[in-house]
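**Student:** Pasting a structure here, questions to come.
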Amino acid sequence: MSPHWRRVSLAGWLAFALCGATAVVRAATSRAPAPERRLSPAERTEVGRAAAAEEPGWRQRSRHSFPGDAWSQDDDFGASERSWVVGEAQRRGVPVSDVFEAIDAELHAAPVQPPRKATASPCKPRPFYD
């Protein structure tokens, strides 16, 4: 190996070692993120009830958008619910999972009455897609 290639190889190893040392120093001196704020029990109840109040409207829009297609209605409902959940989580500064758990707890607090439902329609793939 010529002296030129030895210098190039040495420079490469030095660059690699410098990058590695930089990563180790940054990892060792970084602060742990602050714990996320969580919903209080009262907020969980409030969020669950707010979602329950919105659900009939989401289901009505889904039935209007996909008449006679229960699976697509459920899929559209899920998209509406998820959009609301993400917005609510951002507004309150909490994890999305907290909002979903609040909705789940509210659904299981008492027997579900129509138009609400706690089940999913079976998937029935279409014979063709436009």
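The values are calculated or read from the model by the stated rules, or taken from the named source; none is laboratory data. What you see is a predicted model; the values in this text were computed from it and never measured. Note: ideal-geometry Cβ built from the backbone for every residue, glycine included; neighbour counts use all protein chains shown.
**Student:** Which one of these is exposed (fewer than 14 other Cβ atoms within 10 Å of the Cβ), assigned to a loop (DSSP other than H, G, I, E, B) and not basic (Lys, Arg): Ala27, Ala34, Ala42? Walk me through it before giving the result.
**Tutor:** Details: Ala27 fails: assigned to a loop (DSSP other than H, G, I, E, B); Ala42 fails: assigned to a loop (DSSP other than H, G, I, E, B).
So the residue among Ala27, Ala34, Ala42 that is exposed (fewer than 14 other Cβ atoms within 10 Å of the Cβ), assigned to a loop (DSSP other than H, G, I, E, B) and not basic (Lys, Arg) is Ala34.
**Student:** Can you confirm whether Pro95 is surrounded by 12 or more Cβ atoms within 10 Å (Cβ to Cβ), in contact (Cβ under 8 Å) with a residue 40 or more places away in the chain and more than 20 Å from the chain's Cα centre (by Cα)? It would help to see each step written out before you state the result.
**Tutor:** Details: surrounded by 12 or more Cβ atoms within 10 Å (Cβ to Cβ): yes; in contact (Cβ under 8 Å) with a residue 40 or more places away in the chain: yes; more than 20 Å from the chain's Cα centre (by Cα): no.
Answer is no for this residue.
**Student:** Let me ask something else. Condition (residue is within 30 Å of Lys124 (Cβ to Cβ), among the charged types (D, E, K, R) and at pLDDT 90 or above) applied to the stretch 28-38: is it met by at least one residue? So that I can check it myself, show each step before the final result.
**Tutor:** Step one: filter the stretch 28-38 for residues within 30 Å of Lys124 (Cβ to Cβ), giving none.
Within the stretch 28-38 (the criterion being within 30 Å of Lys124 (Cβ to Cβ), among the charged types (D, E, K, R) and at pLDDT 90 or above), the answer is no, since none of the residues qualifies.
**Student:** Quick check on this structure: which one of Pro111, Pro67 is over 20 Å from Thr45 (Cα atoms) and loosely packed, with under 14 Cβ neighbours inside 10 Å? Walk me through how you get there before you give the answer.
**Tutor:** Working: Pro111 fails: over 20 Å from Thr45 (Cα atoms).
Result of the check over Pro111, Pro67: Pro67.
**Student:** Kindly check whether there is at least one residue in the stretch 26-39 that is touching a helix residue (DSSP H, G or I) at 6+ places or on another chain (Cβ under 8 Å) and either over 30 Å from Arg91 (Cβ atoms) or hydroxyl-bearing (Ser, Thr, Tyr) (or both).
**Tutor:** Within the stretch 26-39, none of the residues are touching a helix residue (DSSP H, G or I) at 6+ places or on another chain (Cβ under 8 Å) and either over 30 Å from Arg91 (Cβ atoms) or hydroxyl-bearing (Ser, Thr, Tyr) (or both).
**Student:** Would you confirm whether or not the stretch 58-79 contains a residue that is in contact with a Pro (Cβ under 8 Å, 6 or more places away or on another chain), basic (Lys, Arg) and not in a helix (DSSP H, G or I)?
**Tutor:** No, there is no match, as no residue in the stretch 58-79 is in contact with a Pro (Cβ under 8 Å, 6 or more places away or on another chain), basic (Lys, Arg) and not in a helix (DSSP H, G or I).
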